[in-house]
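S.K.: This is the structure I want to talk about, given as structure tokens.
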Amino acid sequence: MRLILAQIGKDKTVKFAVKELVRLIKAMDNSVVLDIRKYEEKDNSVKNALWVGLDGSVEANSAEDSIYISVENGAGIISGSNERSVLMAVYRFMKEMGCRYLYPGKNGEKIPKRRLNYADLKAEVKETASYKHRGICIEGSVGCEHVYNTIDWLPKVGMNAFFTQFFTPGVFFRKYYEKFYNDKNDRDFGNELSNNDIDAMVSSLYDEIEERGLIYHAVGHGWNCKPFGFDDSGWEVYEGEISDDVRNLLALRNGKREFCGGIPKNTNLCYSNPYVQNRITDYITEYCANNPKVDYLHFWLADDAMNHCECEECVKKRPSDYYVDMLNLLDEKMTKAGVNTKIVFLIYVDLLFAPIKERIKNPDRFALMFAPINRWYNDSYADIDLENLPQLPEYERNKEFLRCGDAPNVAYLLEWRKIFDGKDAFDFDYHLMWNHHKDPGQFNVAEFLYKDMISLHKLGLNGMMSCQRLRSAFPTGLPQYAMASGLWDKNGSFESVKDEYFTAAFGDDAKAVNNYLREISNLFNPKDKTKLVTEEDYIIGYKKAKEVIKAFKEEYMERCKDKSDDWSYLMVHAELTDILSDAYIALYGDDKETADLLKEKFIALAKENEGIIDTVCDASLYCKTIFEMYFTKRV
Ligand SMILES: [Zn+2]
């Protein structure tokens, strides 16, 4: 079969879309002969071409993604509302042909081998994404390739944004690479990474973002550090001297101005001080002017709670009032400088309390980002009754306040929405940061995440930037696959999304894997926890989990373990989860010594298998989270 692929125009993302179309068609059926052509614009006199690009069939919109596919007998148009949408439309066309993109990394891509004919190349799709914001934010420990894998995966599943965090996202890369340069036997890999080395990696990764036309978010925390000469690439304690000039800018707490816990990044400043306000807003303006590639610049305050300035001036208004003052000042300066970057402001810890006095003067400059870091993930946004939210407390400076749980966070958001109504706003949530490690099967996590995504609109949120470990696809990538699906189409169903996933990953055994992981999820992290009352109830659950794992291994593992990477992950996961069950049985049986031994055994096995699961599992943080955050009795 011969196909004419006709690229419309010269745009780099459309060019990349055509290259991806070629790659996927060839991987599916290498016998297809391709003519690849590049036209200035669509030429209707060309017979039987498959056009790729912007031809006016969808209204142009750089911010919102719509796709349009109309193909019959291998000819027609694959288009979108912008170049990025054209790329998404190409992936969607190939999905209609049978391809699936289950998780980041080469092995997450499932391309069926099949003999294509003209009649097969047929699809009609006209869709607009349900939400504007559909992104992933770097977290966890990452190597260059893991970040690349994520960026590459985003448009395949209709996601459109990536966020690198900080001026230099050093801490994430160092956490991954330190094991190489600390290993005496592996010194050849390279030297300890400087911020310069990491910036060099990010620079090359940005090329990938740009090629795909993705929306680029940057910075976040750090504006309380970098403009004042402090490193922002992690949460290190500052060991040097602090000059009086700098000290006078720090928040006054209990009569002293010092770094919060010694860490500049966690330290708020004296935000009523005009020098602080000007220094930060000048620095942001300059940064945006010098970095036009940044689409959304995040301006956040310190990364810690209840450490705002107690000086005579600062106590006159809420921290959010001073924050809004700075946002307004920033907007004035950016407008004057002719800089159009969108600024994201953060509703987080103390800033959950909405401002009383100040209002945002030019809302179009800004996007509100809701970051409920103290969520419990017990109640989905779908199930929170917005008419009966908890009563919010009065704001008391630097005093602990109601911020844990699910409904209270939503209550704060709705107060902010009253003063930023109908404007650009999105969620910054942490489903795949820590909480998913409570649920080794990750089936219930996936369902919860999906429910949240399809309900964001109820809260006035136009999408999500997922603050997550980039390697969150162990034992399967279902949670983030479901997340992407819910963000693209809020009218779908979890049933069909998970069936699609399991069928693509496990073929005829899809149902069995589905049931197995659902059962593991229910035994470790049941939706209905009321039945777990005594320690014995928990022990019964973990013993049952061991039986379920044993039965699954006997029935499927020997036969399937070499079938694909997906099965290899399940195999490693089964071994680990079996040990974890034993460890919990020992814990609930008050046998601390055995529990400690099993914990060491688990960590050793995860490390031993790092070579197999490296792409999909952030192994060291996986172990750390399970044992440092969740390995406690819940009765
Ligand atoms: Zn102050």
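The values are calculated or read from the model by the stated rules, or taken from the named source; none is laboratory data. Here the structure is a predicted model, which means the values were calculated and not measured. In case anyone asks, the SASA skips ligands and DNA or RNA and just uses the protein heavy atoms, side chains included. Shrake-Rupley method; radii C 1.70, N 1.55, O 1.52, S 1.80 Å.
S.K.: Counting only Cα atoms, I'd like the Rg/Rh figure for region 394-508, Kirkwood definition for Rh.
M.R.: Using only Cα positions, Rg/Rh for region 394-508 is 1.04.
S.K.: Give the carbon-plus-sulfur fraction of the accessible surface of region 53-140 in %, rounded to a whole number; probe 1.4 Å, heavy atoms of protein chains only.
M.R.: The nonpolar share, carbon plus sulfur, comes to 44 percent.
S.K.: Within region 157-214, what whole-number % of the accessible surface is contributed by carbon and sulfur, with the 1.4 Å probe and all protein chains included in the calculation?
M.R.: Result for region 157-214: 40 percent of the exposed heavy-atom area is carbon or sulfur.
S.K.: Moving on to the next point. For Tyr348, what accessible area in Å² do you get when you roll a 1.4 Å probe over the heavy atoms of the protein chains, rounding to the nearest 10?
M.R.: Here the residue's solvent-accessible area equals roughly 20 Å².
S.K.: Mind grabbing the accessible area of Tyr118 for me, 1.4 Å probe, Å², rounded to tens?
M.R.: 100
S.K.: Could you order Lys357, Lys546 so the one with the most accessible surface comes first? Probe is 1.4 Å.
M.R.: Lys357, Lys546
S.K.: Continuing with the same structure: Ordering Glu554, Glu310 by how much accessible area each has at a 1.4 Å probe, largest first, what is the list?
M.R.: Putting Glu554, Glu310 in descending order of accessible area: Glu554, Glu310.
S.K.: Same structure, new question: I'd like the accessible area for Leu605: 1.4 Å probe, protein heavy atoms, all chains in place, Å² to the nearest 10.
M.R.: 40
S.K.: Next up: Search the structure for amide H atoms under 5 Å from the amide H of Lys38, placed 1.01 Å from N in the peptide plane, and list their residues when 5 or more places away or on another chain.
M.R.: Those qualifying (amide H under 5 Å, at least 5 residues apart or on another chain) are Gln7.
S.K.: Is the chain rounded, prolate or oblate when judged by the Cα gyration tensor, a ≥ b ≥ c being the square roots of its eigenvalues, rounded requiring a/c under 1.5 and prolate requiring a/b larger than b/c?
M.R.: In terms of gyration-tensor shape, oblate.
S.K.: Here is a follow-up. Could you state the accessible area per residue of the chain in Å², with a 1.4 Å probe and every protein chain left in place?
M.R.: Per-residue accessible area for the chain comes out at 41 Å².
S.K.: Please work out whether region 507-635 counts as rounded, prolate or oblate from its C-alpha gyration tensor, where a ≥ b ≥ c are the square roots of the eigenvalues and a/c under 1.5 means rounded, while otherwise a/b larger than b/c means prolate and anything else oblate?
M.R.: Because a/c hits 1.5 or more and a/b fails to exceed b/c, region 507-635 counts as oblate.
S.K.: Oh, and also: Classify region 101-232: rounded, prolate or oblate, from the alpha-carbon gyration tensor (a ≥ b ≥ c, eigenvalue square roots; a/c under 1.5 rounded; otherwise prolate if a/b is larger than b/c)?
M.R.: Taking the square roots of the gyration eigenvalues as a ≥ b ≥ c, region 101-232 is oblate.
S.K.: Now a separate question. So, with a 1.4 angstrom probe, what is the percent of accessible area on region 221-369 that is carbon and sulfur?
M.R.: 46
S.K.: Still on this structure, I have one more. Using DSSP, restrict attention to beta bridges with both residues in the chain and report what percent are antiparallel, rounded to the nearest 5.
M.R.: Bridges in the chain are about 30 percent antiparallel.
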